[in-house]
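Asks: One structure follows; several queries about it will come next.
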Amino acid sequence: MKQLIKTITAFSASAVIAVCSAISGAAIGADTTETKTYTVHFDLSEEGVSIAPDENDNIPEITDITKKSNSSFFIPDAELVRDGYKFSGWTEDDIKGYVKGEVCRVTDHDITLHPVWSVADDKEFHTVTFRVEWDGQIDKEAEALVPPAKRQAGKFVTIPLYTFPRAGYKQRGWTDGTTEFAGEEHLIVHDEDITLVPNLKKIYNLTYSVGDADRINGVTYLQFEIAETTPTNLQNNDRFSRNGFRVSGWHCENDGKDYEPVAQFIMPSEDVLMTPIWEPIKYTINFKPSSNTADYIKVQGFTDTAITAPECSYVKEGYTFAGWKRDDVIIQPGEEYIIPGAAPGMGISFTAVWTEESGDTTTTTASGETSTTTTTSATTTTTTSSATTSTTSSETTATTTVSTTAETTSSETTATTTTVTTTNESEVTLYGDSNCDGNIDMADAVLIMQALANPDKYDVSGTSENHITETGRLNADVEPSVKGLTTNDALTIQLYLLKKIDDLPVAIELPVIDFN
């Protein structure tokens with residue numbers, strides 16, 4: 001089961017973000033700039049320098065290389081020859097060396113590399129010591145892992161990969177107090193002994209937070225420990241999920257700059273706060289007068305902006321068009337509708353409301369109400385009205401009257417319906433079905449995370465019309481480690497949908513998930 005949880009967390013850090021990739025939206029609005037190119041030049045101007053032939057007696061060619069910034073290049077796999085000297089490799093600064101065939105990186109400037117030579121008959125050796133000392137005491141056991149190296153001037157010493165970090169710090173290679181050397185870089189030995197010590201960097205927190213943004217699903221806060229001066233890639237744009245929005249980048253509260261997802265960031269010597277740059281999603285909203293997709297009317301708009309409900313040109317014989325309905329909202333053509341944004345992976349659509357021309361059915365409009373009288377008895381017959389449905393399980397006759405006034409007309413309609421209750425709010429109806437729609441799907445996991453992240457809106461007493469119910473909470477409790485609703489319940493439902501779990505609820509406990 002632990003392995004299954006690892007699988008699902010790779011699939012989504014916030015339990016329900018996995019479906020975010022299905023969201024259609026506007027492209028990232030970051031400005032694009034032309035990538036600069038730089039030249040790598042190999043200086044062969046020293047007197048008496050030539051290129052040795054290869055094993056096939058061919059003379060390798062060493063030419064300048066042009067590369068884009070932050071791209072890699074190979075040091076030529078060629079040997080240089082000079083009387084009285086031995087070729088060690090190349091250098092830009094006479095401090096760090098590069099051996100033939102090695103991969104190097106172009107940064108932000110042109111590079112000129114010069115050959116590094118050692119005298120052929122030099123008998124004098126110099127020592128490079130890797131000193132591990134804590135509070136004035138040499139750690140001999142640690143130094144045994146990084147023994148000193150003895151080389152002639154002009155030779156290279158490869159920096160060891162061993163690190164010896166201390167609490168609150170991270171070691172990034174070694175340093176002589178001036179230059180920092182990463183593991184497996186090459187130090188050029190000169191006419192002196194050298195002592196290197198662990199290059200310790202203090203650890204700071206890199207925090208991501210959604211702040212006071214609403215409609216968040218799942219995780220709202222992430223924190224990572226990063227050593228100062230360390231380059232790190234920022235999080236991808238799927239680490240936070242918000243209904244109706246996508247993350248187009250990250251805003252750094254420290255330096256005031258905006259960064260693209262996965263951009264490289266150099267950790268400063270302080271804690272850093274990153275907040276998401278939210279970009280509203282562009283929806284294509286379908287108004288459906290019939291079940292035929294060819295009849296759909298499509299209106300586009302962004303989250304939190306208004307669209308105008310279209311006229312319905314479709315004719316349904318024997319019926320009168322009464323408006324467009326989504327959930328419990330009915331709007332009329334010409335009325336404005338503010339796009340609220342949908343849960344990740346979900347679209348927005350309206351269906352036409354029709355009333356029979358010869359019937360007594362009354363349709364509720366966005367600005368009007370309906371007067372309905374309902375009489376209920378113990379019969380098991382169920383009648384569904386497009387205006388209002390009343391549900392009771394009592395043998396006592398009850399009459400309920402709701403008075404309504406439309407914007408331009410007033411109507412009072414009396415309808416008699418007989419209904420029967422099919423559920424009890426204190427009993428499980430279907431494990432995993434948190435939204436009580438009779439199915440187990442991704443929407444159930446989404447609703448669980450919404451209820452946990454924003455209880456004022458989506459929990460049992462929430463203000464949203466789509467909030468979870470008491471029965472939904474009971475249905476959602478499918479993982480036994482904790483009684484009641486947790487993020488593990490949403491994960492378990494996803495595992496079930498992925499067919500990693502055969503039945504709900506599961507019979508064993510899942511581990512607590514660390515999303516970092």
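The values are calculated or read from the model by the stated rules, or taken from the named source; none is laboratory data. All values derive from a computational prediction rather than experimental measurement. Ideal geometry is used to build each Cβ from the backbone, glycine not excepted, and the neighbour counts take in all protein chains shown.
Asks: What residue, of THR463, THR429, THR469, is touching a Ser or Thr at 6+ places or on another chain (Cβ under 7 Å) and of a type in the set (S, T, N, Q)?
Replies: Selected residue: THR429, the only one of THR463, THR429, THR469 that is touching a Ser or Thr at 6+ places or on another chain (Cβ under 7 Å) and of a type in the set (S, T, N, Q).
Asks: Does LEU430 meet the test of being in a helix (DSSP H, G or I) and modelled with pLDDT of 85 or more?
Replies: So LEU430 does not fit the description; no.
Asks: Please work out which one of (1) crowded, with 17+ Cβ neighbours inside 10 Å; (2) at positive phi is the condition GLY168 fails and give its number.
Replies: Tallying (1) crowded, with 17+ Cβ neighbours inside 10 Å; (2) at positive phi, GLY168 fails exactly one: (1).
Asks: Still on this structure, I have one more. Inside the stretch 465-474, can you point out the residues that are under 28 Å from the mean Cα position of the chain (by Cα) and buried (at least 16 other Cβ atoms within 10 Å of the Cβ)?
Replies: Once the filter is applied, which keeps residues that are under 28 Å from the mean Cα position of the chain (by Cα) and buried (at least 16 other Cβ atoms within 10 Å of the Cβ), the stretch 465-474 yields HIS467, ILE468, GLY472, ARG473.
Asks: Can you confirm whether the stretch 81-92 contains a residue that is surrounded by 15 or more Cβ atoms within 10 Å (Cβ to Cβ), among the acidic types (Asp, Glu) and under 43 Å from the mean Cα position of the chain (by Cα)?
Replies: Yes, some residue in the stretch 81-92 is surrounded by 15 or more Cβ atoms within 10 Å (Cβ to Cβ), among the acidic types (Asp, Glu) and under 43 Å from the mean Cα position of the chain (by Cα).
Per-residue answers, yes or no, for (1) of a type outside the set (Asp, Glu); (2) modelled with pLDDT under 50; (3) part of a helix (DSSP H, G or I); (4) touching a Pro at 6+ places or on another chain (Cβ under 9 Å):
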{"residue": "THR9", "(1), (2), (3), (4)": "yes, yes, yes, no"}
{"residue": "ALA15", "(1), (2), (3), (4)": "yes, yes, no, no"}
{"residue": "ALA18", "(1), (2), (3), (4)": "yes, yes, yes, yes"}
{"residue": "ALA27", "(1), (2), (3), (4)": "yes, yes, no, no"}
{"residue": "PRO60", "(1), (2), (3), (4)": "yes, no, no, yes"}
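Asks: Let me ask you something else. Please determine, by comparing only the residues of the stretch 314-324 that are out of contact with any Phe, Trp or Tyr (no Cβ under 6 Å at 6 or more places or on another chain) and touching a residue at least 12 places away in the same chain (Cβ under 8 Å), which one is nearest to PRO340 (Cα to Cα).
Replies: Filtering the stretch 314-324 for residues that are out of contact with any Phe, Trp or Tyr (no Cβ under 6 Å at 6 or more places or on another chain) and touching a residue at least 12 places away in the same chain (Cβ under 8 Å), the one nearest to PRO340 (Cα to Cα) comes out as GLY323.
Asks: Being crowded, with 20+ Cβ neighbours inside 10 Å and assigned to a strand (DSSP E or B) is the filter here; which residues of the stretch 171-205 pass it?
Replies: ARG172, TRP174, PHE181, HIS186, LEU187, ILE188, LEU196, PRO198, ASN199, LYS201
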